[in-house]
1. Pick from D:Glu51, D:Glu43, D:Glu12 the residue whose mean-square fluctuation is largest in a GNM of chain D, springs joining Cα atoms under 10 Å.
2. Please work out the Kirkwood hydrodynamic radius for segment C:1-58, using every pair of different C-alpha atoms, and report it in angstroms with one decimal place.
3. As a footprinting exposure proxy, order C:Trp152, A:Trp8, D:Trp125, C:Trp138 by other Cβ within 10 Å, with the fewest listed first.
4. Out of A:Leu47, A:Leu32, A:Leu22, any idea which swings most in a Gaussian network model of chain A, alpha carbons joined below 10 Å?
5. Could you check the spin-label model distance between C:Asp44 and A:Glu66? Points 7 Å from the Cα along Cα→Cβ, value in nm.
6. Please report the spacing between the Cα centers of segment C:102-153 and segment B:9-29 in Å, no decimals.
7. How well do other chains shield peptide D:23-36, expressed as the mean number of their Cβ atoms within 10 Å of each residue Cβ?
8. 7 Å from Cα along Cα→Cβ at both B:Glu73 and D:Arg8: what's the point-to-point distance in nm?
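Derivation of every value follows stated rules applied to the coordinates shown; laboratory data play no part. All values reported here derive from a predicted model rather than from experimental measurement. Virtual Cβ from ideal backbone geometry, glycine too; neighbours counted across all protein chains shown.
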Amino acid sequence: MKLIYFAWVRERVGKAEEELDLPAEVRTVRDLLVWLKGQGDGYEAALEHPEAIRVAINQEHSRHDEPLAGAREIALFPPMTGG
Amino acid sequence: MKLIYFAWVRERVGKAEEELDLPAEVRTVRDLLVWLKGQGDGYEAALEHPEAIRVAINQEHSRHDEPLAGAREIALFPPMTGG
Amino acid sequence: MTARIEVRIQTEDFDLSAEVSALLAGLSDTGAVVTFSGLCRSEDGALAALELEHYPGMAETEIRRIADEAAARWPVTALCAIHRVGRIAPGENIVLVIASSTHRQAAFDAAAFLMDFLKSRAPFWKKEHLRDGSEGGWVDAKESDEEALRRWS
Amino acid sequence: MTARIEVRIQTEDFDLSAEVSALLAGLSDTGAVVTFSGLCRSEDGALAALELEHYPGMAETEIRRIADEAAARWPVTALCAIHRVGRIAPGENIVLVIASSTHRQAAFDAAAFLMDFLKSRAPFWKKEHLRDGSEGGWVDAKESDEEALRRWS
């Protein structure tokens with residue numbers, strides 16, 4: 001699975017993107033955030049407050065209860081501050 | 001008294017402005033509209049519907065029940081269509 | 001906060017970018033700028049030109065009064081209103097309103113307020129000249145423009 | 001009515017007049033044009049620059065989706081959104097939205113709608129760089145921006 005990070009999520013994780021094999025039991029966005037948080041200090045820092053993280057699947061905004069089925073690209077980022 | 005006319009009021013009256021001596025009994029804006037309507041065909045055409053005419057006294061919007069006392073310049077015109 | 005206020009009535013056209021730049025020069029706390037441009041429509045090709053008449057003196061005073069009220073209601077950093085008079089061809093500018101503020105909602109509201117009141121309270125009148133050479137007559141005031149004022153009271 | 005829609009993300013600055021002219025070319029039934037420019041504030045002189053990051057691909061798609069929704073809700077003739085990315089100095093443009101219509105209220109509403117959703121739904125992030133050389137950190141999202149969306153639902 002291709003994971004992409006933006007803004008302070010990217011800075012804390014320490015990379016802009018990566019390919020990860022997700023365990024079979026990681027089925028929803030929320031599962032992913034919980035699992036990812038356990039993958040090391042950078043992830044722990046980035047996902048300290050997982051409920052604050054916004055997620056896009058295949059470049060579309062997704063709720064935390066949505067399934068990952070069909071995902072090719074998952075992006076994690078803070079609330080947006082453009083405009 | 002200096003009277004000024006704009007837009008189709010000006011066209012129907014046939015002049016842009018004039019000096020008129022108002023009779024003593026012409027005390028309010030409404031009095032003026034009624035009196036002026038009787039001053040000839042152009043005035044009659046311009047003031048056919050006196051309630052539609054907007055009036056400014058000394059360059060400030062005035063209601064039809066306002067007194068003319070203190071007026072130096074009275075303007076009569078149709079509802080505004082700028083912008 | 002004292003807002004910078006600029007009011008002009010002129011026959012010449014104006015440039016949007018130039019007016020915004022001039023108005024905002026030195027206002028470094030401005031984060032939001034809303035402009036409204038009113039253009040002469042072609043009326044499906046029937047219109048040759050609009051002729052704009054105004055009440056000199058009162059027009060400037062009345063627009064400035066409206067701008068002062070907008071500046072009292074919203075925390076704007078600057079307001080500008082430019083209204084053209086004379087003959088205006090389809091596609092040309094008739095009016096420009098600019099409102100700037102620290103944040104966007106005040107800029108949007110002040111610009112909409114200024115336009116709504118300018119439409120129904122500033123002494124300007126439009127006459128149509130048609131392409132077939134005839135006079136299209138004076139444009140009628142719209143009830144919808146009077147209604148637009150009510151939301152601000 | 002099919003509205004003309006233009007969406008761009010770019011590092012270069014843009015010119016307000018040039019963008020409006022290009023967007024409206026040939027649209028002779030447009031009588032009202034509203035623009036919103038978002039500028040980088042100086043924060044009382046403390047800010048050296050903002051750094052704008054975005055999610056390439058998704059950012060364009062998301063803004064276009066918001067513009068399509070605005071065009072479905074209001075009778076606009078054209079909509080444009082330009083968002084800059086990279087390093088932006090105080091006083092410079094960050095974002096431009098243009099909405100045009102036959103009448104003014106649709107243009108005002110569509111522009112405000114586009115800005116409100118662009119702020120909270122388009123994937124852009126701002127980081128502050130301060131004049132004293134330090135990083136001011138990532139700008140926090142504002143609850144007021146989320147609230148601004150509610151008036152449209």
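1. Of the options given, D:Glu43 has the highest mean-square fluctuation.
2. Evaluated over segment C:1-58, this radius sits at 14.8 Å.
3. Working: C:Trp152 13, A:Trp8 16, D:Trp125 24, C:Trp138 19.
Ordered from fewest to most neighbouring Cβ atoms within 10 Å, C:Trp152, A:Trp8, D:Trp125, C:Trp138 come out as C:Trp152, A:Trp8, C:Trp138, D:Trp125.
4. Sorting by GNM fluctuation, first place goes to A:Leu22.
5. Output for this residue pair reads 4.5 nm.
6. So the separation of the two Cα centres works out to 28 Å.
7. Other-chain Cβ atoms within 10 Å of each residue's Cβ, averaged: 6.
8. About 4.7 nm separates the two model spin labels.
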